[in-house]
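The values are calculated or read from the model by the stated rules, or taken from the named source; none is laboratory data. In this text, all values refer to a predicted model and were calculated from it rather than measured experimentally. Ideal geometry is used to build each Cβ from the backbone, glycine not excepted, and the neighbour counts take in all protein chains shown.
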């Protein structure tokens with residue numbers, strides 16, 4: 001027979017993304033200076049995060065350009081890596 005007892009599948013409606021959601025996943029430029037400074041000090045992201053008082057995920061997001069540092073984190077990174085803010089984050 002040509003019919004079944006199951007319900008037909010409904011198509012999901014796609015919402016048009018709001019302007020804020022469109023730009024949420026766009027990455028900034030990779031911060032090579034921050035990565036290089038961390039590697040010169042021979043620190044892993046976890047070790048740098050521990051010394052700077054933040055999470056490893058935050059260091060990863062900072063290095064990938066997905067997040068901008070707040071004042072507290074930028075000061076801690078300057079002290080740990082011994083490099084001024086404008087050299088660590090030239091794109092800001």
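Here are a few things to note about the model shown:
- The lone exception for residue 92 - which of (1) at pLDDT 90 or above; (2) assigned to a loop (DSSP other than H, G, I, E, B) it fails: (1)
- In segment 1-74, counting only helices (runs of 4 or more DSSP H) that sit wholly within it, the ones holding 2 or more residues that are in contact with a helix residue (DSSP H, G or I) (Cβ under 6 Å, 6 or more places away or on another chain) and modelled with pLDDT of 85 or more span 32-40, 45-52, 56-64.
- For first residues located in segment 19-40 and closer than 19 Å to residue 75 by Cβ, partners that are modelled with pLDDT of 90 or more and surrounded by 12 or more Cβ atoms within 10 Å (Cβ to Cβ) and lie 6+ apart or on another chain with Cβ distances below 6 Å form the pairs 31/63; 34/63; 37/81; 37/83; 38/48.
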